[in-house]
1. Calculate what fraction, in whole %, of the accessible area of region 82-127 sits on carbon and sulfur atoms when a 1.4 Å probe is rolled over the protein chains.
2. What spacing in nm lies between the two simple spin-label points modelled at Glu242 and Leu279, each 7 Å away from Cα in the Cβ direction?
3. Considering only the chain, what is the antiparallel percent among its DSSP beta bridges, to the nearest 5?
4. Obtain the nm distance between the two label points defined at Lys214 and Asp86 by a simple spin-label model: each point lies 7 Å from its Cα along the Cα-to-C-beta direction.
5. Compute the acute angle (0 to 90°) between the alpha-carbon long axis of helix 230-242 and the principal axis of greatest extent of the alpha-carbon atoms of the chain; round to the nearest 10°.
6. Each residue of region 100-115 in turn: what ³J(HN,Hα) in whole Hz from Karplus with 6.51, -1.76, 1.60 and θ = phi - 60°, glycine and Pro shown as x?
7. Helix 138-147 against the longest principal axis of the chain: what's the angle in degrees, Cα atoms only, rounded to the nearest 10?
8. Please compute one quarter of the surface area of the Cα convex hull for region 103-162 and express it in square nanometres.
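The values are calculated or read from the model by the stated rules, or taken from the named source; none is laboratory data. Predicted model only: the values in this text are computed from it and were never measured. In this analysis, Cβ positions are derived from the backbone assuming ideal geometry, glycine residues included, and neighbour counts consider all displayed protein chains. Surface areas here come from the heavy atoms of the whole protein model, side chains and all, with no ligands, DNA or RNA. Shrake-Rupley method; radii C 1.70, N 1.55, O 1.52, S 1.80 Å.
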Amino acid sequence: MPQTYLNADLHCHSVVSDGTLTPEQLAQRAAARGVELWSLTDHDEVGGQHRASDAARAAGMDYLTGTEISVSFAGSTVHIVGLGFDADDAALTQGLYDTRNGRGPRAREMARQLELSGIAGAYEGALRHAGNPELISRTHFARYLVETGVCSDTYEVFRRYLTEGKPGYVPHTWASLRDAVHWITNAGGVAVIAHPARYDFSPNLEYALFSEFKQLGGQGVEVITGSHRPAEYLTYADMAREFELAASRGSDFHSPDESQIDLGELPYLPAHLTPVWELLQERIQRA
Ligand code: AMP
Ligand code: MN
Ligand code: MN
Ligand code: MN
């Protein structure tokens with residue numbers, strides 16, 4: 001039976017990256033909202049995978065290992081989700097370690113620039129919000145600026161301080177698309193382009209991203225995601241068909257206080273697409 005109408009949530013974040021809940025709290029929240037197949041996809045980290053799969057089993061959900069890798073492509077940052085890989089694979093864990101490694105110096109430079117804009121103590125402040133000191137992200141700075149009353153919510157922080165051209169934005173070089181796709185696929189997983197509508201690429205660059213990704217062995221694209229508007233579900237359902245990619249579904253949930261879409265809440269995948277979990281049947285850890 002094709003499992004298109006499965007409540008799968010294959011994209012969310014815990015305190016191991018920039019979420020505010022533990023892997024165990026996320027598992028319970030996902031199960032309580034009817035999620036049947038879950039994946040924790042922390043940025044550039046697999047440190048929460050064993051906890052997440054244990055908690056999924058305890059909550060009665062099937063589980064796929066996950067991560068969301070930061071990639072530099074054509075001068076922009078693109079996110080590649082990996083699903084169903086061996087979380088102990090040496091090349092993958094080393095690659096993620098190297099990808100995380102630049103975050104410390106970047107954070108210090110962000111704080112230095114914010115200081116010039118009159119915001120003091122941002123490095124220490126952001127670090128206090130980071131559950132994993134190796135993974136200090138813009139989200140942690142955003143929480144510090146909300147905490148200190150500089151902005152009223154994290155969206156305002158990104159708009160005023162943390163996006164390209166704004167005072168706290170520091171350009172950064174992440175992993176290459178080739179490396180990210182190869183780390184995932186060589187570890188037995190499936191690589192998925194995360195939230196493609198978020199990148200603001202020209203049609204030519206978007207075509208280049210999808211073509212190169214496909215050539216490198218990428219097999220999936222997020223169609224139904226908390227980072228897409230409903231009209232974008234249709235656009236990327238068409239792209240999935242055009243590039244013969246499997247489709248994924250995930251909330252991109254980070255926090256009960258910040259995320260507009262909760263775990264397991266999104267519409268099902270369109271029926272005419274191949275769900276990414278059909279490619280991963282033997283990688284699913286059954287409840
Ligand atoms: P980083 O990996 O440190 O560049 O941080 C990226 C994270 O910041 C993303 O994973 C989102 O959680 C968050 N983020 C990026 N852009 C925005 C935005 N415009 N509004 C709110 N959160 C954002
Ligand atoms: Mn994030
Ligand atoms: Mn992302
Ligand atoms: Mn994400």
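1. Working: 1000 of 2070 Å².
Using a 1.4 Å probe with all protein chains present, region 82-127 comes out at 48 percent carbon and sulfur.
2. Computed distance between label sites Glu242 and Leu279 equals 1.8 nm.
3. Values: 13 of 28 bridges.
That works out to approximately 45 percent antiparallel.
4. Roughly 3.0 nm, to one decimal.
5. 60 degrees
6. Once rounded to whole Hz, the list reads 5, 4, x, 5, x, x, 4, 5, 5, 5, 4, 5, 5, 5, 5, 4.
7. Once rounded, the angle reads 50 degrees.
8. Working: hull surface 13.8 nm².
If I average the Cα hull's projected area over directions, I get 3.4 nm².
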